[in-house]
Amino acid sequence: MLQSTRNSLLFPVLILGTLLLFLADISLGSVTIPIKEICKSLTGGTASKDTWEYIIINYRLPKAITAVLVGMGLSISGLLMQTLFRNPLAGPYVLGLSSGSSLGVAFVILGSSILPGAVGVFMVSSYGIILASCFGSFIVLLAVLLVSQRLRDTTAILIVGLMFGSFTSAFVGVLTYFSTAEQLQKFTFWSLGNLGNLSWTSIFILFVSVLAGLIMSLISIKPLDALLLGENYAKSLGLNYNKTRLIIIFATSILAGSITAFAGPIAFVGLAVPHIAKLVFQTSNHYILFWATLLFGAMIMLFCDIVSQVPGTEVTLPINAITSIIGAPVVIWLLLRKQKTGI
Amino acid sequence: MTTPILHTEDLSIGYVGKKANNAIASNMNLSLAKGRLIALVGANGIGKSTLLRTITGIQKPLSGNVLLNGNPINSYSALDLAQQLSVVLTEKLPPSNLTVFELVALGRQPYTNWLGTLTDGDLEQVNHALALTQISDLSDKKHYEISDGQLQKVLIARALAQDTPLIILDEPTTHLDLLHKVSLFRLLKKLTQETGKCILFSTHDIDLAIELSDEMIVMTAEKTIQDLPSRLIADGIFDALFKDENIAFDVEKGKFIFKNL
């Protein structure tokens, strides 16, 4: 009971932290904008300098919102996968969902010239890329699921994810051989990951997709708790396993697919954030973990974005590099920890 | 005799093969009645698990019927079945941070709303289950911090919290030492007497089962019989249990004896 009061105190802290990081993300960059001016601009007024106003509305605000959506969506998809596959190392990137999305996007960007005119134009649009990306991650997730049904060994699933990664990069290599320099540049830029440069329309599409994925995850909270006991116990508690699994797979594919389509393949956030939530809240209750993962996901992605813009300089680092630098050590640490506690 | 909670009619169990059905056991007429502690015994590989899977509706019978409250078990929805029948399995739990209390509370899932919120009534049931199994003091511990014997009690408490007239346990005494085996059997006995539930469990501890259970279901290669332990002994059923001349059942001692050691 002591723990639950601690947890209920933690949430306001996390919400406050998310808000602060959100403001900091808008404030910091090559040009520093005072927080006061940001608040003025966001609450309907205008900032005292036109350039600030312009930067906030057209550049920093959309980027911060994207960071929040990306962080939340990827982290929740990681949480769903870790419970579904009973594997603490599962996540959209590790299991190859991002690779699947990449393959879908590579087909569309690099292979659009093969497709007939109108179809080719549609596929390179935001909708086309999102569709291809979701489809790619869905196919990979289905494949991983098939393997996980055959093999009870949970590490095998991770190896399958790795194999998909190599398969994708090989296939992309073949595709690049047949594509123009312009297409290649577009794909390379996409694959480095990028939270900026999204139009408000794209952000709206991303928002709707992430919201749909999150609602499906919210419905799955009770079944996910049952799955903590394993598939057979969950079934004995009246769980419709096939339906639950399908909803979880749809939710993760939409989340990972749409986010990867817009922001590129972003590593480790989906894997590391649910663990941070589990460690801080010391629980497996998915209702608590859902909200904790949402907030931590948003916070960590905002933090990574702040780091990537290297405040005070003109430099912008690729976001994928930052999340990997922070995430990879977390994974190694988890592996070491797993030996001790089994979590 | 009152109507049993679950009974079978000419039940045949086994696996559907490509050419022919592979029957493991057939013509079983079993009956699980209120307030009875029933032990299921038989040699390894004789089909105990298959029988339990069939009775719990996971696997379809080859022929015959499994009737729960007089209705075919397959006519129940997963949720309705979860309110009639709970299980304790042999499989290991996946890694998680679940506390003992949370684990037992998961037994309330068939009754809770879409978010799994526990009402006061649910909490009462959970606490009652913890008290019956005498593990209330463990409730804040993580499930991986306790011993095998304690974990077995936690899993039984979870089944109790599910509040079903029938509980089925698959080899609950494996991995336990003699002391904990006996105390687990006593617990099961107490639960059938105090709660009026029917408890069916499979076990290899035949001596203990003979002493403590109300009825036994004995599976041999030829037939499956359900009766009182004393009558099974008198009929010499246990001698047929193991097809090995070095193991025999001593009727007077009520124990197995080993020859040529």
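The values are calculated or read from the model by the stated rules, or taken from the named source; none is laboratory data. Treat the numbers as computed from the prediction; the structure is a model and nothing was measured. Neighbour counts run over all protein chains shown; Cβ positions are idealised from the backbone, glycine included.
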Response to the item:
Of those in the range B:83-96 that are more than 7 Å from chain A (Cβ to nearest Cβ) and touching a residue at least 24 places away in the same chain (Cβ under 8 Å), the residue surrounded by the fewest Cβ atoms within 10 Å (Cβ to Cβ) is B:90
Worksheet item: What about residue B:133, is it at pLDDT 90 or above and over 19 Å from the mean Cα position of the chain (by Cα)?
Response: no
Item to complete: For the range A:333-343, name all the residues that are in a helix (DSSP H, G or I) and modelled with pLDDT under 80.
Response: A:334, A:335, A:336, A:337, A:338, A:339, A:340, A:341
Item to complete: Check whether at least one residue in the range A:302-314 is hydrophobic (A, V, I, L, M, F, W, C) and over 24 Å from residue A:10 (Cα atoms), and report yes or no.
Response: yes
Item to complete: Select from the range B:143-164 the residues that are buried (at least 16 other Cβ atoms within 10 Å of the Cβ) and over 19 Å from residue A:234 (Cα atoms) and write down the one among them that is nearest to the other protein chains (Cβ to nearest Cβ).
Response: B:146
Fill in: Test set (1) more than 17 Å from the chain's Cα centre (by Cα); (2) modelled with pLDDT of 95 or more - residue A:43 fails condition number
(2)
Discussion item. All but one of (1) hydrophobic (A, V, I, L, M, F, W, C); (2) part of a helix (DSSP H, G or I); (3) more than 8 Å from chain A (Cβ to nearest Cβ) hold for residue B:79; state the number of the condition that does not hold.
Written reply: (3)
Practice prompt. Output yes when any residue across the range B:97-116 is among the hydroxyl-bearing types (Ser, Thr, Tyr), out of contact with any strand residue (DSSP E or B) (no Cβ under 6 Å at 6 or more places or on another chain), part of a loop (DSSP other than H, G, I, E, B) and more than 10 Å from every other protein chain (Cβ to nearest Cβ), and no when none is.
Written response: no
Fill in: Pick from the range A:194-219, criterion buried (at least 21 other Cβ atoms within 10 Å of the Cβ) and under 19 Å from residue A:252 (Cα atoms), ranking: farthest from the other protein chains (Cβ to nearest Cβ)
A:206
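Okay, residues lined up against (1) outside any loop (DSSP other than H, G, I, E, B); (2) under 24 Å from residue B:90 (Cα atoms):
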{"position": "B:14", "(1), (2)": "yes, yes"}
{"position": "B:18", "(1), (2)": "no, no"}
{"position": "B:40", "(1), (2)": "yes, yes"}
{"position": "B:50", "(1), (2)": "yes, yes"}
{"position": "B:54", "(1), (2)": "yes, yes"}
{"position": "B:67", "(1), (2)": "yes, no"}
Worksheet item: Any idea which residue in the range B:123-142 is nearest to the other protein chains (Cβ to nearest Cβ), counting only those that are among the hydroxyl-bearing types (Ser, Thr, Tyr) and not in a helix (DSSP H, G or I)?
Response: B:139
Worksheet item: Do you know which residues across the range A:285-298 are over 18 Å from residue A:322 (Cβ atoms) and out of contact with any Lys or Arg (no Cβ under 7 Å at 6 or more places or on another chain)?
Response: A:285, A:286, A:287, A:288, A:290, A:291, A:292, A:293, A:294, A:295
Discussion item. I'd like to know if the range A:77-88 contains one or more residues that are surrounded by fewer than 24 Cβ atoms within 10 Å (Cβ to Cβ) and either over 30 Å from residue A:286 (Cα atoms) or free of Cβ contacts under 8 Å to residues at least 40 places away in the same chain (or both).
Written reply: no
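Condition check ((1) within 14 Å of chain B (Cβ to nearest Cβ); (2) in contact with a Pro (Cβ under 8 Å, 6 or more places away or on another chain); (3) surrounded by 22 or more Cβ atoms within 10 Å (Cβ to Cβ)) across all residues:
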{"residue": "A:246", "(1), (2), (3)": "no, no, no"}
{"residue": "A:254", "(1), (2), (3)": "no, no, yes"}
{"residue": "A:263", "(1), (2), (3)": "no, no, yes"}
{"residue": "A:276", "(1), (2), (3)": "yes, no, no"}
{"residue": "A:282", "(1), (2), (3)": "yes, no, no"}
{"residue": "A:288", "(1), (2), (3)": "yes, no, no"}
{"residue": "A:293", "(1), (2), (3)": "yes, yes, yes"}
{"residue": "A:302", "(1), (2), (3)": "no, no, yes"}
{"residue": "A:305", "(1), (2), (3)": "no, no, yes"}
Response to the item:
Here the qualifying pairs (Cβ atoms under 6 Å; residues six or more apart or on different chains; first in the range A:129-153 and of a type outside the set (Ser, Thr, Tyr); second not in a helix (DSSP H, G or I)) come out as A:140/A:96; A:144/A:95
Fill in: helices (runs of 4 or more DSSP H) within the range A:102-181 that include 3 or more residues at pLDDT 80 or above and farther than 27 Å from residue A:203 by Cα
A:126-150, A:154-177
Practice prompt. Could you check how many residues of the range B:49-76 are away from every other protein chain (no Cβ under 12 Å) and free of Cβ contacts under 8 Å to residues at least 12 places away in the same chain?
Written response: 3
Worksheet item: Restricting attention to the range B:6-17, does a residue exist that is under 14 Å from the mean Cα position of the chain (by Cα) and either among the small types (Gly, Ala, Ser) or surrounded by 12 or more Cβ atoms within 10 Å (Cβ to Cβ) (or both)?
Response: yes
